[in-house]
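K.L.:
This is the structure I want to talk about, given as structure tokens.
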Amino acid sequence: AFDTLIIGGGPAGASAAIYSARKGINTGLAAEAFGGQVADTMGIENFISVSHTEGPKLVRALEEHVKDYEVDVMNLQRAVKFTPADVQGGLHQLSFDSGATLKSKTVILATGARWREMNVPGEQEYRNKGVAYCPHCDGPLYKGKRVAVIGGGNSGVEAAIDLAGIVAHVTLIEFMGELRADAVLQTKLKSLPNVTVIASAQTTEVNGDGNRVTGLSYKDRHTDELKQVDLEGIFVQIGLVPNTEWLKGSPIEMTPRGEIIIDSHGMTSVPGVFAAGDVTTVPYKQIVIAVGEGAKASLGAFDFIIRN
Ligand code: FAD
């Protein structure tokens, strides 16, 4: 059995693995796809001390750093079930879609999250070519350009306010008849001269010239009329979904949105089970934050081992 078994091979999982292995304890890492969301990223300019890198390059660097240590890396393993230890300090069990099972004294859940997509034509084709999901990451790439934000909840309105300070113009597109964000955010949004809000609008297509986004099409839900907006970027802000479907029905406490609730040491409601990164309630989903949270959960797990 492992001392610490990490589920997930994104920045949070990689960081947790390195911190655990450096304690000389028996460390395993099982991931559906090593690299996580970073593998899908183009330019990364906010991983502090690295001015610029690219997703695949950062994934290779994470992998090499993990390989410097004795970590049992099991890639292409999707966890499907978690069974908690019978007694505190006992062994937790993880089952995988391959049929394998693994046991460990402590577990670190770092299965990340995924952006909810619009599922309209052009979205996949122009991903990273005008279609973006993270304003903190990609906002500066659209300096002086026209962008749309899809979604009028808190994250969409926050993104629109954030982007309005960088880009030339923001069009906020909301499906419902009115925005759903907090009133203070809506007031702030309305005070900005370079933001247009279009409500009751259903995005139907991402338009492009074969290389990059040139606009978007939407249906006016009152009149059913199809309309177009010319622009260079589209930020999709319709939700970040934590990868915790497989934990439903387990005793691990989650929010109604499925984020794992952790304490200040990264521990979940189940003793000896920790979580880190985008899969948790910790706000602001970023690589640098996931790396820090992975280190914290790993130290929390080590502390748990020496006390039990
Ligand atoms: P993830 O990176 O999501 O990794 C999750 C890991 O868990 C993966 O290995 C996955 O395969 C695995 N997994 C999931 N379910 C299971 C399961 N059931 N069993 C086993 N393994 C499982 N952040 C920045 O700071 N800067 C940027 O420039 C930036 N750009 C981004 C661009 C894009 C397109 C996207 C999508 C995200 C971007 N982000 C950026 C956000 C950043 O990638 C995430 O915050 C970060 O990757 C979160 O790390 P994580 O380890 O928590 O989760």
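K.L.:
Can you pull out every residue in region 167-196 that is polar (S, T, N, Q) and within 16 Å of Leu216 (Cβ to Cβ)? Lay out the reasoning, then the answer.
P.N.:
Initially, region 167-196 is screened for residues polar (S, T, N, Q), giving 171, 186-187, 191, 194, 196.
Listed by number, the residues that qualify are Thr171, Thr196.
K.L.:
Could you check how many residues of region 195-210 are surrounded by fewer than 17 Cβ atoms within 10 Å (Cβ to Cβ) and touching a Gly at 6+ places or on another chain (Cβ under 9 Å)?
P.N.:
Summing the residues that are surrounded by fewer than 17 Cβ atoms within 10 Å (Cβ to Cβ) and touching a Gly at 6+ places or on another chain (Cβ under 9 Å) in region 195-210 gives 2.
K.L.:
Quick one: count up the residues across region 117-165 that are farther than 18 Å from Thr203 by Cα and assigned to a helix (DSSP H, G or I).
P.N.:
Final tally of qualifying residues: 14.
K.L.:
If you don't mind, another one. Filter region 252-267 down to residues that are assigned to a strand (DSSP E or B) and within 15 Å of the ligand (Cβ to nearest atom), then give me how many there are. Break it down into steps so the answer makes sense when it comes.
P.N.:
Restricting attention to region 252-267, the residues satisfying the condition of being assigned to a strand (DSSP E or B) are 254, 260, 267.
Applying the additional criterion that residues be within 15 Å of the ligand (Cβ to nearest atom) yields 254, 260.
So the answer is 2.
K.L.:
Taking Asp224, is it surrounded by fewer than 19 Cβ atoms within 10 Å (Cβ to Cβ), within 21 Å of Met176 (Cβ to Cβ) and free of Cβ contacts under 8 Å to residues at least 12 places away in the same chain?
P.N.:
yes
K.L.:
Quick test for you: out of Val270, Val288, pick the one residue that is outside any strand (DSSP E or B), within 12 Å of the ligand (Cβ to nearest atom) and modelled with pLDDT of 95 or more.
P.N.:
Going through Val270, Val288 in turn, the sole match is Val288.
K.L.:
Only residues that are on the phi > 0 side of the Ramachandran plot and not polar (S, T, N, Q): list them for region 93-132, please.
P.N.:
Of everything in region 93-132, those that are on the phi > 0 side of the Ramachandran plot and not polar (S, T, N, Q) turn out to be Gly99, Gly112, Gly122, Gly130.
K.L.:
When the residues of region 94-118 are filtered to those that are more than 26 Å from Thr281 (Cβ to Cβ) and hydroxyl-bearing (Ser, Thr, Tyr), which remaining residue is farthest from the ligand (Cβ to nearest atom)?
P.N.:
The residue in question is Thr101.
K.L.:
Could you list, in sequence order, the residues of region 87-133 that are touching a Ser or Thr at 6+ places or on another chain (Cβ under 9 Å), within 20 Å of Val279 (Cα to Cα) and surrounded by fewer than 19 Cβ atoms within 10 Å (Cβ to Cβ)?
P.N.:
Of everything in region 87-133, those that are touching a Ser or Thr at 6+ places or on another chain (Cβ under 9 Å), within 20 Å of Val279 (Cα to Cα) and surrounded by fewer than 19 Cβ atoms within 10 Å (Cβ to Cβ) turn out to be Gln93, Ser95.
K.L.:
Quick check on this structure: which one of Asp224, Asp209, Asp230 is more than 19 Å from the chain's Cα centre (by Cα), on the phi > 0 side of the Ramachandran plot and at pLDDT 95 or above? Show your work before the answer.
P.N.:
On the way: Asp209 fails: on the phi > 0 side of the Ramachandran plot; Asp230 fails: on the phi > 0 side of the Ramachandran plot.
Among Asp224, Asp209, Asp230, only Asp224 is more than 19 Å from the chain's Cα centre (by Cα), on the phi > 0 side of the Ramachandran plot and at pLDDT 95 or above.
K.L.:
Taking only pairs six or more apart or across chains, which ones have beta-carbon atoms under 7 Å, a first residue in region 134-148 that is under 18 Å from Ile48 (Cβ atoms) and of a type in the set (Asp, Glu), and a second residue that is within 15 Å of the ligand (Cβ to nearest atom) and in a loop (DSSP other than H, G, I, E, B)?
P.N.:
none
K.L.:
Continuing with the same structure: Name the residues in region 168-182 that are within 27 Å of Leu141 (Cα to Cα), part of a loop (DSSP other than H, G, I, E, B) and among the hydrophobic types (A, V, I, L, M, F, W, C), would you?
P.N.:
Passing the criteria: Ala168, Phe175, Leu179, Ala181.
K.L.:
Further, regarding this structure: Restrict the check to region 242-260 and report whether at least one residue is closer than 19 Å to Val38 by Cβ and touching a strand residue (DSSP E or B) at 6+ places or on another chain (Cβ under 9 Å).
P.N.:
Step one: of region 242-260, the residues closer than 19 Å to Val38 by Cβ are 242-243.
Imposing the further condition that a residue be touching a strand residue (DSSP E or B) at 6+ places or on another chain (Cβ under 9 Å) reduces the set to 242-243.
Looking through region 242-260, at least one residue is closer than 19 Å to Val38 by Cβ and touching a strand residue (DSSP E or B) at 6+ places or on another chain (Cβ under 9 Å).
K.L.:
Taking the conditions exactly as written (out of contact with any strand residue (DSSP E or B) (no Cβ under 6 Å at 6 or more places or on another chain) and within 18 Å of Val38 (Cβ to Cβ)), does Val291 satisfy them or not?
P.N.:
For Val291, the condition - out of contact with any strand residue (DSSP E or B) (no Cβ under 6 Å at 6 or more places or on another chain) and within 18 Å of Val38 (Cβ to Cβ) - is met.
K.L.:
Report yes if Val236 is of a type in the set (A, V, I, L, M), modelled with pLDDT of 95 or more, in contact with a Pro (Cβ under 7 Å, 6 or more places away or on another chain) and within 30 Å of Val147 (Cα to Cα), otherwise no.
P.N.:
On the way: of a type in the set (A, V, I, L, M): yes; modelled with pLDDT of 95 or more: yes; in contact with a Pro (Cβ under 7 Å, 6 or more places away or on another chain): no; within 30 Å of Val147 (Cα to Cα): yes.
When the stated conditions are applied, Val236 does not pass them.
K.L.:
Within region 8-50, how many residues are within 7 Å of the ligand (Cβ to nearest atom), surrounded by 24 or more Cβ atoms within 10 Å (Cβ to Cβ) and either under 15 Å from the mean Cα position of the chain (by Cα) or among the hydroxyl-bearing types (Ser, Thr, Tyr) (or both)?
P.N.:
8
The values are calculated or read from the model by the stated rules, or taken from the named source; none is laboratory data. Every value quoted in this text rests on a predicted model; they were computed, and no experiment measured them. Reconstructed Cβ throughout: ideal geometry from the backbone, glycine too, with neighbour counts over all protein chains shown.
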